[in-house]
Amino acid sequence: MPRAPSGGDGAPSSPAGVTPNPVPPPLPYTPPPRKDRTLWIVAGATALIIAIIAGATWIILASRGSDDEQQIRDVIAAETRALNARDLQAVITTRCAADVQMLQTQFTPTTFAAEVDALIGPGGRWEVSVGEVRIDANAGTATAEETSTPVGSGAVVPQSVTDTASLRKESGAWKVCVSSSRVR
């Protein structure tokens, strides 16, 4: 078997006039691998959905009105039911302390029912709609525009009456305070 010519150190030698190239030839250019952006797309879409839900929730809650406003509307409705039932004790539960004292001094259950009957007739009732409610949370007071309409054939008050009901927050609950209301 023929042997390749070698230099003095035993390594194969190159043909005459050719020098060995210790650096391999450059590889052709290949672009870097594409980064997978799926994670960023999913994260961005999730953040957008959360922002939309939070915005919609805020809009719904902002337009709904406050809990105080709903409590005011509820106490006015309870007062109306009590008046229609001619129930002095139930009316007292909807009224501020000053009104309670006045009602207890001025009426008995019988005279209270007679007073209501004198206004709207026996069997008559009030229909009350509450308009704008304005609350002064710092003072614990509020006003509510309300329109009261007598319903029944014997009503002495022949038409609707619009007034501003005054309310006070007493012991954490809103109470109607007729003693400080004014009829328009």
Quiz item: From the Cα gyration tensor of the stretch 75-178, with a ≥ b ≥ c the square roots of its eigenvalues, which class applies: rounded if a/c is under 1.5, or else prolate if a/b is larger than b/c, or else oblate?
Solution: oblate
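Run the numbers for Ala43 and Thr93: contour at 0.36 nm per residue of separation, minus the present Cα-Cα distance, in nm. Please list the in-between numbers first.
Working: separation 50, 0.36 × 50 = 18.00 nm, distance 5.46 nm.
Stretched fully, the Ala43-Thr93 segment lengthens by 12.5 nm.
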Quiz item: What number, in percent, do you get for the relative contact order of the stretch 72-176 if the mean sequence gap of Cα pairs under 8 Å and at least 6 apart is divided by its residue count?
Solution: 26
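Since every read-out is calculated from the coordinates, none of them should be taken as a lab result. Given the structure is predicted, the values throughout are model-derived calculations rather than measurements.
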